[in-house]
Amino acid sequence: MLALGVGCDRGCPPDELATLVRDTLEAEALAPGAIACVASLDLKMDEPAVLGLAASLGVPARFFTPEQLAAEAPRLKTPSEIVLKETGCPGVAEGAALAAAGAEAELVVPKLKSRRATVAVARAPVAIDPAQVGRRRGRLFVVGIGPGTAQWRTPEASAAIAGSTDLVGYGLYLDLLGGAAAGKARHESNLGAEADRARMALDLAGQGKVVSLVCSGDAGIYALATLVFELIDRERKPEWLRTEVQVVPGVSALQAAAARAGAPVNHDFCTISLSDLLTPWETIEKRLRAAAEADFVVCFYNPVSQRRRDQLARARDILLTGRGPDTPVILARQLGRPEESVRIVTLGELTPDHADMLTLVMVGSSESRRLSLGGAERVYTPRGYAKKLV
């Protein structure tokens, strides 16, 4: 069985590396199907040419530290002082091939070069298990699992969780996964520890693990997707920068609330968080006045908490400057969970006692309507289709 060691300059064209490998295998009469893995230096974990080569061959990519490759120095055929100064090891392609193939391997193709890439091949006397050599590139899914019920969990989210080795999240959100979390390493923390959760997920992925950072609703709506990218951008840790990060969308609380209530956001709408923990109230108030003037349907996240008892009332009063007191308000709490409740009140009736941190408050526009349908009350916001039918 063969291990294919490769090296390349940063930004090497994928076609150049692929052509070098193909020509080498053909010249040496080596079968691509005998390759167990593509191996390289850990600095190349995010190199498109290396990752694309592994994908095209249908084998895993595995990576080694400079120290691990330096340990192969006695077995190298073409060590380089220049490479040693640049990378900390005297040979990338040969060293990676030998490290992946094991202590009893032999180098059957010493380093060959193109303008920006190198390749070498080592043969192992026994089968190579790629899972036992080097490190794979870490992968982080930032997963939105929807409001609660598994029926609102997308197939993509379920696949990400199923393919993960580790799950990171607030304990309640991990509990909502039920049997989908079985067999996964579980890392939980309390509310308010969002940055710690994001760092833990990034650190685990940086170690080569496949991680799902679990968020309620949609990961990109008042959840942790932005925080992950902000931490990567601010702290610039090499292992984070080399990690593959994928945001997996979920059914948002506003979508679930709208569906339960009818069709209130079928026209223009906006979302505003009333929490001033991260955004100054002056900024929130400015956005509220703009929403009132624009007559948007407004979805309030984080409407009240034990500490914050007056923001919802202040938001109500601002919206009342642009729409009437009979405007319908949807109060959707614990959506998708056994405790779910959906109520409809008017904007004039709305008080902080109507909501908590588990409630999404959706305030209709001046055009929103209430409708009694089949013994249940619904809310919809016309978009103008009916006028065209007249």
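The values are calculated or read from the model by the stated rules, or taken from the named source; none is laboratory data. Note that the structure is predicted; figures quoted are calculated from it, not measured. For neighbour counting, all protein chains shown are included, and Cβ atoms are generated from backbone atoms with ideal geometry for every residue, glycine included.
Of the strands (runs of 3 or more DSSP E) contained entirely in region 288-390, those carrying at least 1 residues that are within 18 Å of residue 253 (Cα to Cα) fall at 297-301, 328-333, 341-346, 359-363, 376-380. Among the residues of region 290-314 satisfying the criterion of being charged (D, E, K, R) and closer than 20 Å to residue 349 by Cα, which is nearest to the chain's Cα centre (by Cα)? Only one residue tops the list, namely 308.
The set of residues in region 27-58 being surrounded by fewer than 20 Cβ atoms within 10 Å (Cβ to Cβ) and free of Cβ contacts under 8 Å to residues at least 40 places away in the same chain consists of 27, 29, 31, 32, 33, 34, 48, 52, 55, 56, 58.
The rows are residues; the columns are (1) in contact with a helix residue (DSSP H, G or I) (Cβ under 8 Å, 6 or more places away or on another chain); (2) of a type in the set (S, T, N, Q); (3) closer than 30 Å to residue 372 by Cβ.
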{"position": "236", "(1), (2), (3)": "no, no, no"}
{"position": "246", "(1), (2), (3)": "yes, yes, no"}
{"position": "252", "(1), (2), (3)": "no, yes, yes"}
{"position": "258", "(1), (2), (3)": "no, no, yes"}
{"position": "294", "(1), (2), (3)": "no, no, yes"}
{"position": "306", "(1), (2), (3)": "no, yes, no"}
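Kindly evaluate residue 216 against the criterion of being in contact with a Phe, Trp or Tyr (Cβ under 9 Å, 6 or more places away or on another chain) and closer than 21 Å to residue 342 by Cβ. So residue 216 passes the test.
Restricting attention to region 286-313 and to residues that are closer than 26 Å to residue 194 by Cβ and touching a residue at least 60 places away in the same chain (Cβ under 8 Å), the residue that is surrounded by the fewest Cβ atoms within 10 Å (Cβ to Cβ) turns out to be 301.
The sole residue among 226, 283, 271 that is in the same structural domain as residue 331 (by TED's automatic domain parsing) and free of Cβ contacts under 8 Å to residues at least 12 places away in the same chain is 283. Taken over region 92-128, residues that are touching a residue at least 24 places away in the same chain (Cβ under 8 Å) and not in a strand (DSSP E or B) amount to 19. How many residues does region 232-241 contain that are modelled with pLDDT under 95 and crowded, with 19+ Cβ neighbours inside 10 Å? Adding up the residues that qualify gives 0.
Kindly indicate whether residue 316 is surrounded by fewer than 18 Cβ atoms within 10 Å (Cβ to Cβ) and within 25 Å of residue 278 (Cβ to Cβ). Answer is no for this residue. The residues of region 85-130 that are surrounded by fewer than 16 Cβ atoms within 10 Å (Cβ to Cβ) and at positive phi amount to a single one, 88. Screening 180, 205, 198, 219 for residues that are within 21 Å of residue 360 (Cβ to Cβ), in contact (Cβ under 8 Å) with a residue 24 or more places away in the chain and outside the structural domain of residue 357 (by TED's automatic domain parsing) leaves exactly one candidate, 219.
The test for being loosely packed, with under 13 Cβ neighbours inside 10 Å and in contact with a helix residue (DSSP H, G or I) (Cβ under 9 Å, 6 or more places away or on another chain) does not hold for residue 353. Of the conditions (1) among the polar types (S, T, N, Q); (2) surrounded by 19 or more Cβ atoms within 10 Å (Cβ to Cβ); (3) out of contact with any Gly (no Cβ under 7 Å at 6 or more places or on another chain); (4) under 30 Å from residue 63 (Cβ atoms), residue 246 satisfies every one except a single condition; which number is it? That leaves (2) as the condition not met. Among the residues of region 59-68, none qualifies, meaning not one is of a type outside the set (D, E, K, R), in the same structural domain as residue 35 (by TED's automatic domain parsing), free of Cβ contacts under 8 Å to residues at least 60 places away in the same chain and under 21 Å from residue 23 (Cβ atoms).
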